[in-house]
Amino acid sequence: MGRITANFKADGDETANQYSISEWWMEPNTKGIGAHSHESENEIFYVLEGTMSFLVGDEWRDAEEGSFIFVPAGVQHDFENRSKNRSGVLNVFAPGRFESNMPEIVDWFRSNPPRDAI
């Protein structure tokens, strides 16, 4: 997805559709997909490396390596890398099969390459 990479560690088939786990890596100064929400799925983000900026509801917050961010179902959210270094997060999406959204997300980024965050 241009300056964004997603690697799935556990998908819905492996977890009886209870959750999926993926790593998301963003190059420096990279915006995410934009504010969105999931009707019935919760998300947990754990910052693996660097600092990510998260929108949760209507508030942006910076999360450094080792931070957890919880996004309840139905809450608008986004994430981006506003730093000068590559950053990564581990994402837990529950319940569900987040990987089934990837073809549509990849197509969207093909038409809308990631922009600069700042």
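When V75 is tested against (1) β-branched (V, I, T); (2) within 17 Å of N29 (Cβ to Cβ); (3) assigned to a loop (DSSP other than H, G, I, E, B), exactly one condition is not met: (2). With the structure loaded, tell me whether E80 is surrounded by 15 or more Cβ atoms within 10 Å (Cβ to Cβ) and part of a helix (DSSP H, G or I) or whether it fails that test. When the stated conditions are applied, E80 does not pass them.
Quick grid of which residues meet (1) of a type outside the set (G, A, S); (2) farther than 18 Å from A6 by Cα:
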position: I21; (1), (2): yes, no
position: M26; (1), (2): yes, no
position: Y46; (1), (2): yes, no
position: W60; (1), (2): yes, yes
position: A63; (1), (2): no, yes
position: R86; (1), (2): yes, no
position: P113; (1), (2): yes, no
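Restricting I33, I44 to those that are closer than 24 Å to S111 by Cβ, of a type in the set (V, I, T) and surrounded by fewer than 19 Cβ atoms within 10 Å (Cβ to Cβ) reduces the list to I33. Strands (runs of 3 or more DSSP E) fully within region 1-52 that include at least 2 residues being charged (D, E, K, R): 42-49.
Taking each residue of region 1-13 that is basic (K, R) and looking for partners that are part of a strand (DSSP E or B) with beta-carbon atoms closer than 6 Å, six or more apart or interchain, yields R3/T30; K9/I21.
Report whether or not V71 is without any contact (Cβ under 8 Å) to a residue 24 or more places away in the chain and either within 14 Å of the chain's Cα centre (by Cα) or surrounded by 15 or more Cβ atoms within 10 Å (Cβ to Cβ) (or both). No.
Matching residues to (1) modelled with pLDDT of 95 or more; (2) crowded, with 18+ Cβ neighbours inside 10 Å; (3) within 13 Å of R82 (Cα to Cα):
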position: D13; (1), (2), (3): no, no, no
position: N29; (1), (2), (3): yes, no, yes
position: S40; (1), (2), (3): no, no, no
position: G50; (1), (2), (3): yes, yes, yes
position: E59; (1), (2), (3): yes, no, no
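The values are calculated or read from the model by the stated rules, or taken from the named source; none is laboratory data. Owing to the predicted nature of the structure, the values given are computational and were not obtained by experimental measurement. For neighbour counting, all protein chains shown are included, and Cβ atoms are generated from backbone atoms with ideal geometry for every residue, glycine included.
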